[in-house]
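This is the structure, below, for whatever I ask next.
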Amino acid sequence: MKAIVLKEQGGVENFTFESVSVPTIKDDEVLIKVRAVSINPADAIVRENKSVSWIFGEESSLILGWDVSGQIVQKGAKVIDMQIGDDIFGVLRHPYIGRTYAEFVAAPASQLAIKPKNSTYEEAAATSLAALTALQPIQKVGIKKNDRVFITAAGGGVGHFAVQFAKYFGAHVTALASSSKKDFVMSLGADEFIDYQLGPFENTLKKDMDLVIEAVKSDGHIMRSMEVVKPGGSLISLWSNITEEENLKAKSLNINAFYNMVSFNGQDMKFVAKLLEEGKLVPHISKVFSWKDIAKAHLEIEKGHTQGKIVIIMD
């Protein structure tokens, strides 16, 4: 089968296109003919940063990717709720690599959901890792109707899903993004918008947020976001662990600040599939690339200003 392989971790020039063996499935797995994958900022980090090489496990060929959408072409003996020919999508094996940048991928059936008929392969692939990254911590804090929620980087891959999930659960959403994304973010259902380019948001907002979803990867941003959380509220960091300094500040403010690492979860994917089918969750795809343009896709995600998601078609 064809696959996008890294010669070694580093720049996009290390991507190669090779023929590798079709993976063998276990009894609880299915073999997927990959139709689309989505690119996340974490893909670029893993591609470049050798300090996270453990993510590849013991695999000899370095194949990236967690998100996948495609069709089942083979299934293991213990797989009973999915059939050959089913269209599926999901997040595979995170934080270990799912190896989805390939023509075929072996996947535990428990990590997948049936793709809604009203969603394309591209839309389903886009609504995988980024969607769970937003959904899982929101569920963890027990978001309630009328909670006041502040979402940073609200126009990005994770942020645009966070806005939609928060509104689904009945929250009042204040979104932070650049002015160029205002119309987009408001169209997702945000109640209020703040342009981060106009000055410190912590000087504009009252300290009355029940929850902050911190999706900005920037030194000092978590400390600033804590300023708008009310006592007893929560701050979720989606990028990095809470430092000792940040933890001390959180305690002094009587707020719950924590890092949440997304994990594969078939039940969560089924919930996402339900919302997609009902039209209550809509992925925004800013650009679609051919698999042969994987280097261009990675360079695009590295700019850090993507509106919504970037998708690769495995044509």
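The values are calculated or read from the model by the stated rules, or taken from the named source; none is laboratory data. Computed from a predicted model, the values in this text were never measured in an experiment. Counting neighbours? That spans all protein chains shown, and the Cβs are built from the backbone with ideal geometry, glycine included.
Regarding segment 4-26, can at least one residue be identified that is closer than 19 Å to residue 125 by Cα and either modelled with pLDDT of 95 or more or in contact with a strand residue (DSSP E or B) (Cβ under 9 Å, 6 or more places away or on another chain) (or both)?
Step one: list which residues in segment 4-26 are closer than 19 Å to residue 125 by Cα, which gives 4.
Now narrow it down to the ones that are either modelled with pLDDT of 95 or more or in contact with a strand residue (DSSP E or B) (Cβ under 9 Å, 6 or more places away or on another chain) (or both): 4.
For segment 4-26, residues closer than 19 Å to residue 125 by Cα and either modelled with pLDDT of 95 or more or in contact with a strand residue (DSSP E or B) (Cβ under 9 Å, 6 or more places away or on another chain) (or both): present.
Taking residue 15 as meeting all but one of (1) among the aromatic types (Phe, Trp, Tyr); (2) within 22 Å of residue 276 (Cα to Cα); (3) more than 17 Å from the chain's Cα centre (by Cα), write down the number of the exception.
(2)
Scan segment 284-305 and give yes if some residue there is assigned to a strand (DSSP E or B) and more than 30 Å from residue 5 (Cα to Cα), otherwise no. Even if it seems obvious, please write down each step before you answer.
Looking only at segment 284-305, we keep the residues that are assigned to a strand (DSSP E or B), and these are 285-290.
Within this subset, residues satisfying the condition of being more than 30 Å from residue 5 (Cα to Cα) are none.
No, every residue in segment 284-305 fails to be assigned to a strand (DSSP E or B) and more than 30 Å from residue 5 (Cα to Cα).
Is it true that residue 58 is without any contact (Cβ under 8 Å) to a residue 12 or more places away in the chain and either crowded, with 20+ Cβ neighbours inside 10 Å or among the charged types (D, E, K, R) (or both)? It would help to see each step written out before you state the result.
Details: without any contact (Cβ under 8 Å) to a residue 12 or more places away in the chain: yes; either crowded, with 20+ Cβ neighbours inside 10 Å or among the charged types (D, E, K, R) (or both): yes.
Yes; evaluated as a whole, the condition is true for this residue.
Right, here's the next one. From the list 214, 202, which one is within 27 Å of residue 255 (Cα to Cα) and touching a strand residue (DSSP E or B) at 6+ places or on another chain (Cβ under 9 Å)? Lay out the reasoning, then the answer.
Numbers: 202 fails: touching a strand residue (DSSP E or B) at 6+ places or on another chain (Cβ under 9 Å).
Unique residue meeting the criteria: 214.
Restricting to segment 263-290, count the residues that are among the polar types (S, T, N, Q) and more than 19 Å from residue 140 (Cα to Cα).
Step one: list which residues in segment 263-290 are among the polar types (S, T, N, Q), which gives 263, 265, 267, 286, 290.
Retained after the next criterion (residues that are more than 19 Å from residue 140 (Cα to Cα)): 286, 290.
Counting residues in segment 263-290 that are among the polar types (S, T, N, Q) and more than 19 Å from residue 140 (Cα to Cα) gives 2.
For segment 132-145, which positions are within 16 Å of residue 232 (Cα to Cα) and over 16 Å from the mean Cα position of the chain (by Cα)? Please lay out each step first, then the result.
Pass one, segment 132-145, residues within 16 Å of residue 232 (Cα to Cα): 138, 140-144.
Passing the criteria: 140, 141, 142, 143, 144.
Give segment 119-154 a look and list any residue that's within 22 Å of residue 311 (Cα to Cα), surrounded by 24 or more Cβ atoms within 10 Å (Cβ to Cβ) and among the polar types (S, T, N, Q), or say none.
127, 128, 133
Report yes if residue 5 is touching a Leu at 6+ places or on another chain (Cβ under 7 Å) and assigned to a strand (DSSP E or B), otherwise no.
Values: touching a Leu at 6+ places or on another chain (Cβ under 7 Å): yes; assigned to a strand (DSSP E or B): yes.
Yes: the conditions hold for residue 5.
All but one of (1) touching a Lys or Arg at 6+ places or on another chain (Cβ under 8 Å); (2) touching a residue at least 60 places away in the same chain (Cβ under 8 Å) hold for residue 286; which doesn't?
(2)
Which of the residues that make up segment 8-20 are assigned to a helix (DSSP H, G or I) and hydrophobic (A, V, I, L, M, F, W, C)?
Within segment 8-20, just 12 meets the criteria.
Out of 20, 37, which single residue is in contact with a Ser or Thr (Cβ under 7 Å, 6 or more places away or on another chain) and over 18 Å from residue 290 (Cβ atoms)?
Numbers: 37 fails: over 18 Å from residue 290 (Cβ atoms).
The match here is 20.
Still on this structure: When only residues in segment 226-243 that are at pLDDT 95 or above and among the small types (Gly, Ala, Ser) count, which is surrounded by the fewest Cβ atoms within 10 Å (Cβ to Cβ)?
232
Let me ask something else about it. Could you run through segment 160-213 and say how many residues are small (Gly, Ala, Ser) and surrounded by fewer than 20 Cβ atoms within 10 Å (Cβ to Cβ)? Can you show your working first?
Here is the first cut: in segment 160-213, the ones small (Gly, Ala, Ser) are 162, 166, 170-171, 175, 177-180, 187, 189-190, 199.
From what's left, surrounded by fewer than 20 Cβ atoms within 10 Å (Cβ to Cβ): 170, 178-180, 187, 189, 199.
Count: 7.
So, one more: Is it the case that some residue within segment 298-308 is surrounded by fewer than 16 Cβ atoms within 10 Å (Cβ to Cβ) and either in contact with a strand residue (DSSP E or B) (Cβ under 7 Å, 6 or more places away or on another chain) or among the β-branched types (Val, Ile, Thr) (or both)?
There is no residue in segment 298-308 that is surrounded by fewer than 16 Cβ atoms within 10 Å (Cβ to Cβ) and either in contact with a strand residue (DSSP E or B) (Cβ under 7 Å, 6 or more places away or on another chain) or among the β-branched types (Val, Ile, Thr) (or both).
May I pose another question? Would segment 49-69 turn up any residue that is among the basic types (Lys, Arg), assigned by TED's automatic domain parsing to the domain that holds residue 89 and modelled with pLDDT of 95 or more? Walk me through how you get there before you give the answer.
Of segment 49-69, the ones among the basic types (Lys, Arg) are 50.
Applying the additional criterion that residues be assigned by TED's automatic domain parsing to the domain that holds residue 89 yields 50.
Checking the rest, the ones that are also modelled with pLDDT of 95 or more come to none.
For segment 49-69, residues among the basic types (Lys, Arg), assigned by TED's automatic domain parsing to the domain that holds residue 89 and modelled with pLDDT of 95 or more: absent.
Can you pull out every residue in segment 222-231 that is free of Cβ contacts under 8 Å to residues at least 40 places away in the same chain and assigned to a loop (DSSP other than H, G, I, E, B)?
227
Tell me whether segment 262-272 contains one or more residues that are more than 26 Å from residue 148 (Cα to Cα), surrounded by 22 or more Cβ atoms within 10 Å (Cβ to Cβ) and touching a helix residue (DSSP H, G or I) at 6+ places or on another chain (Cβ under 8 Å).
Checking segment 262-272: at least one residue is more than 26 Å from residue 148 (Cα to Cα), surrounded by 22 or more Cβ atoms within 10 Å (Cβ to Cβ) and touching a helix residue (DSSP H, G or I) at 6+ places or on another chain (Cβ under 8 Å).
Take the residues in segment 89-118 that are surrounded by fewer than 24 Cβ atoms within 10 Å (Cβ to Cβ) and among the hydroxyl-bearing types (Ser, Thr, Tyr); name whichever of them is nearest to residue 154 (Cα to Cα).
96
Can you tell which of 232, 279, 308, 304 is at positive phi and over 20 Å from the mean Cα position of the chain (by Cα)? Quick ask: steps written out before the conclusion?
Values: 279 fails: over 20 Å from the mean Cα position of the chain (by Cα); 308 fails: over 20 Å from the mean Cα position of the chain (by Cα); 304 fails: over 20 Å from the mean Cα position of the chain (by Cα).
It is 232.
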